[in-house]
Structure formats: C-alpha cells, structure tokens
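The values are calculated or read from the model by the stated rules, or taken from the named source; none is laboratory data. Keep in mind that this is a model prediction, so the values were computed, not measured. Cβ sites come from the backbone with ideal geometry, for glycine too, and all protein chains shown count toward neighbours.
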Amino acid sequence: MNKRRQLFRTSAAIATAAAAGAVSRVAMAALPEPVIQQSADTMPPLEPSTGRPYKPVVTLNGWTLPWRMKNGVKEFHLVAEPVERMVAEDFKAHLWGYNGQSPGPTIEVVEGDRVRIFVTNRLPEHTSVHWHGQRLPSGMDGVTGLTQPAIPAGKTFVYEFEARRPGTFMYHPHGDEMTQMAMGMMGFWVTHPKGKHKLIDEVDRDFCFLMNAYDVEPGSATPKIMTMLDFNLWSWNSRIFPAIDPLVVRKNDKVRIRMGNLTMTNHPIHLHGHEFLVTGTDGGPTPKSTRQYEVTEDIAVGQMRQIEFLADEEGDWAFHCHKSHHTMNAMGHDVPTMIGVDHTGIMRSLRDLVPDYMAMGERGMADMTEMPMPLPENTTPMMTGQGPFGSVEMGGMFSVVKVRKDQPHGDYSDPGWFEHPPGTIAYEWTGETPSAQQSPKLSQSGSMPLAEKPKQAIEVRAKARGSRRGHHG
Ligand SMILES: [Cu+2]
C-alpha cells in the first residue's frame, strides 16, 4: 500500500473514531475503497471484469476509475482533493483534482447501467459534481444551491442515476467553478453502447482526453485562478508537449479520439496525414448523413467531440490545436515582436550596461528553442520537444499520432520515431537557384521590414540572463 493511500485510510479511520463509534466498520465498507493514482502516465485500458462487456478507452496521460458491483449497481468513489500533478518533466503544479491526479479518473459505464458515485470532499472548501451532458434526475445534476446543497469540506455525498444514453461526457464541479476548474477539477466520462449500435462503430483504439488551461507564473506551482483568458499553459489532461504521450496505433486500425473542452476558449484540433469524421457531439452519435471528412474540428468551450479515422498512413503525424499560441509553454504575454528589428547597434551599448543581455526574436522566435537560457526552478521551456530532426518547436496542446504497421494489436507502448522509407523525406536542393524576381510593388514601396523606419519608438527592455522567464525583450 502506498503512503498516500495509507494516509487516507488513517485519516478516514480517525474521522470514524471522532464520530464516537457511530460509524461502524460495516458502514465504512458501505463505501468502495477510494483508489488513488500516483502516476501521470497513460494507463492501459481497464478491461471490465464485471457488468456488461465493452471495449474500454485509453485516457491520454490518465486512467480509468475501478468500480465494484453492488446488488447490480456500479459503485465508484471519487475523492476531491489537492493534488500534485506533473505537468511536464521537472514541472510540478499544485492543482485540485480527484483521486490523486488532475484531471480525475475517467469513468466508464454502459448504456442502461445503474451508477452510484460516492464523492468525498477533501478540499478546503465545499464542492459538488456536475455530470456534464447526461440525462438524469434534476436533483442529481450537481448544481450547488440549485439542485443540492454544496458538499461541505470533509463530507461525502452520493449521486445515483441510470446512464441513459451512450456517448462522451465530462464531470466537473458546479460551485465556485471559477476557482475549482482553474485549479484542475474535471474528469472524463464515457458511456459505451449496450450491444451493437447502428451509429457507433466498433474501433480498434479509443482515446480520450480533456483540454484544460492554467496560468502558472514561471517559478511558482499554483495556478492564478483569476485569469480569464491569458493562460500560459495550454494542456491536454493537465500535460503539455512534449510531456503528452503519443497516440500509438497499428496501421489500418480504426481509431476514435474523444475530446472535451473545459478551457475558456475554443480549440481547432487538427490531424495531419488523415481525414476524420466527427462521429459524436454533445448529443451523442451523429446521424451518418451529417458526417463529412475533415482534418480540423473546432471544439468550443464546454463541448465534447468524437472523431474517427482509419489510420492507413504510416508515420509520425502531428495532432494539435491549430491556434499557434496554444502549442507554446510558459509564455510571457508582453514580448514585443522583434522580427526585422536590427539589434546590432543597440546590442553593443546594452551589453555595456547588462553584460548578459541577449536580443530575442529578431529572426523569429525559433531561436528560442536553441537558446541555452537558464530557467527558474519549476517551469518548462516555451517551445521544446526534440524530434529525430531537431527541435519540434512546439509545446502545449500538441501530440503525435504514431502509425506503425508492426505495432502489435492492443499495444500502446511508444515505438520511437518513424523510420521513413528511402526517398520520402523533404530534402535540400543543392543545384542552381535562379535569383528571385522581386515584386515591383514591394521594391517601389520599400516596405521590406529592415528598410522601414518604425513609426513609433521601439521600446527594448533589457534583462540579465536568468531573469524571470517569459519577459524577454
Ligand atoms: Cu487551442
């Protein structure tokens, strides 16, 4: 038994003792023992051992909550609590979550299942759980003040309903939501169809993750909860690339990816090398007549989407949010654009004042990935991720769909980088290059960046190397 679980058990035991023996051991056994997850790794699918059969999902950098059957009811135990989440290697965030991680565990049930969820509140304030998108009795909808009293700190509430329609859902608090969701409280829910469903195909791999966003000052660990739009960490399941696991599939696998958006903005999610169908939305499976092939699907705030494709092209395929600022990490917002600004003169005078001064971004921001700049404790570089050809220059909401012909069925382990067949990689032209004809309009107007005088004085802020990350200038 791990330390954390031991602690929980001990505190549960103390709580029992404090109630002057009112709660017997038998009563304690009335609750399923909470299962706590220590790892931020992608856990293998949890094959159902009881209840109706289904093909389980794989939660990216996450896991599925085990349950127990009690008199035909599927019982789960969620524990809302402060957690330490590894958002990236060497970057720990102090979040709130469920059962040891943020997001909480995925809950998987089958259409028609009777579900009972015990929610124990170990947060310093009250909470509730809203089962986003489900058909259920109004009093089970989890809206603090409207459909139930809040779950006070230290108390356990019980939710019970039938999972009436199959599809992709989420759960999150509905009480002090701004704080609790900014702190990472959310989880995924999948209701599998009972038997064959004419709109829900069987797939070989079924992935899911939530989109979330945090504002964590470089060097600190707790998100700023008042931030409304200017987040600096755009994450999938509270992980940022390159710490988001790849989606590993076997060539010709039929693949489903389920996503939910609990950030404050929309995310156009883009897949390379394949076309997909949107097979499910908030309302469940889409009618087949409405499906069209896409390579990008915009997912609005509070929405869930399912996409499906046949992975018939081998390779390492980028899969990411198409808002380019969402594939960045720990970014400062007040960095001026320096492209085309010649620092040469000013560099000399600035180096007299600040010996370590570095000019940033005069050729674009790609230099950032190669800059050996010391970072403060507990943060992560802005654009990283080493690929086989150098830096991927990405962070945030980015992963790789790895399609391999020799990936064993049901094996999710990382096969490494794709070995491209000879003659299939973009290559450098080494012959003659005819001198480019410059557009007459451009040369007349003299609008090349370096030739243009800035209309306003450009403010250049100098900071010594090793100063707080994200404020380069
Ligand atoms: Cu995005």
Could you check how many residues of the range 254-276 are buried (at least 20 other Cβ atoms within 10 Å of the Cβ) and either part of a loop (DSSP other than H, G, I, E, B) or away from the ligand (no atom under 16 Å from the Cβ) (or both)?
6
Exactly one condition in (1) buried (at least 23 other Cβ atoms within 10 Å of the Cβ); (2) in contact with a His (Cβ under 9 Å, 6 or more places away or on another chain); (3) not basic (Lys, Arg) is false for Gly184; which is it?
(2)
Of everything in the range 302-328, what is away from the ligand (no atom under 16 Å from the Cβ) and either crowded, with 22+ Cβ neighbours inside 10 Å or assigned to a strand (DSSP E or B) (or both)? Give them in sequence order.
Gln306, Glu308, Phe309, Leu310, Ala311, Gly315, Asp316, Trp317
Of the listed residues (Thr168, Thr179), the one being of a type in the set (Val, Ile, Thr) and either touching an Asp or Glu at 6+ places or on another chain (Cβ under 6 Å) or surrounded by fewer than 22 Cβ atoms within 10 Å (Cβ to Cβ) (or both) is Thr179
When you go through (1) over 20 Å from Gly51 (Cβ atoms); (2) touching a helix residue (DSSP H, G or I) at 6+ places or on another chain (Cβ under 8 Å); (3) not basic (Lys, Arg) one by one for Glu160, which number turns out not to apply?
(1)
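Per-residue answers, yes or no, for (1) at pLDDT 95 or above; (2) buried (at least 23 other Cβ atoms within 10 Å of the Cβ); (3) under 17 Å from Ala300 (Cα atoms); (4) more than 16 Å from the ligand (Cβ to nearest atom):
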residue: Gly195; (1), (2), (3), (4): no, no, no, yes
residue: Leu199; (1), (2), (3), (4): yes, no, no, yes
residue: Val203; (1), (2), (3), (4): yes, no, no, yes
residue: Trp236; (1), (2), (3), (4): yes, yes, yes, no
When both residues are 6+ apart or on different chains and their Cβ atoms are under 6 Å apart, which pairs have a first residue that lies in the range 388-402 and is over 18 Å from Asp298 (Cα atoms) and within 16 Å of the ligand (Cβ to nearest atom), and a second that is in a strand (DSSP E or B) and at pLDDT 90 or above?
Met394/Phe241; Gly395/Phe241
Thr191: in the same structural domain as Pro45 (by TED's automatic domain parsing) and of a type in the set (S, T, N, Q), yes or no?
yes
